[in-house]
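One structure below.
The values are calculated or read from the model by the stated rules, or taken from the named source; none is laboratory data. Remember, predicted model here, so these are calculated numbers, not experimental data. Every residue, glycine as well, gets a Cβ built from its backbone with ideal geometry; the counts of neighbours run over all protein chains shown.
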């Protein structure tokens, strides 16, 4: 038996039967869509992980690319993150593929927190106390799964001061995240390559024994 005090049951009691059925169906459809979206994101992240461990090149160059990708990924410019990361990789001689992969530190699962703290940090530095309506509009658009282009247009349309707070906060977050990203990815690359070398050596020894 349903709990009459639950939010769902309260909603049902406040609507007519016909509309109630429609709202439940919409909720189920939205939940299914979110599950599929989460699965696609998980598959994409897994693919990027495999691409990362198979990258060729000097470990320092790959790690530099990852760090630059993380830096670009922390900037609240989702439609341009990959292009910006590749540009930085060319400029600072990092792996362009690793830079593109590194931008996936920012993904639809954490865009809300990225934009929220980017603005919060930037507004604090600039001394902006009031939160404009555009800020809530951006967060709502992210929650509703709107396209990255639409979100970016809302930010630009809110004015230079608003956009400046986002970019300044993203600059701080990018710097904070990219420095450890370099050392962590470098350690991962060196460890994986050492592990792979040991496996290859072990296989050679088994062949020799046979």
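Below are the figures for this structure:
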quantity: Some residue of segment 154-175 being over 20 Å from residue 107 (Cβ atoms) and either touching a strand residue (DSSP E or B) at 6+ places or on another chain (Cβ under 7 Å) or part of a loop (DSSP other than H, G, I, E, B) (or both); calculated: yes
quantity: Filter pass, residue 165 being over 15 Å from the mean Cα position of the chain (by Cα), modelled with pLDDT of 85 or more, surrounded by 21 or more Cβ atoms within 10 Å (Cβ to Cβ) and over 30 Å from residue 61 (Cβ atoms); calculated: yes
quantity: Candidates 136, 200, 143 - the one that is in contact with a helix residue (DSSP H, G or I) (Cβ under 7 Å, 6 or more places away or on another chain), farther than 17 Å from residue 75 by Cα and exposed (fewer than 12 other Cβ atoms within 10 Å of the Cβ); calculated: 143
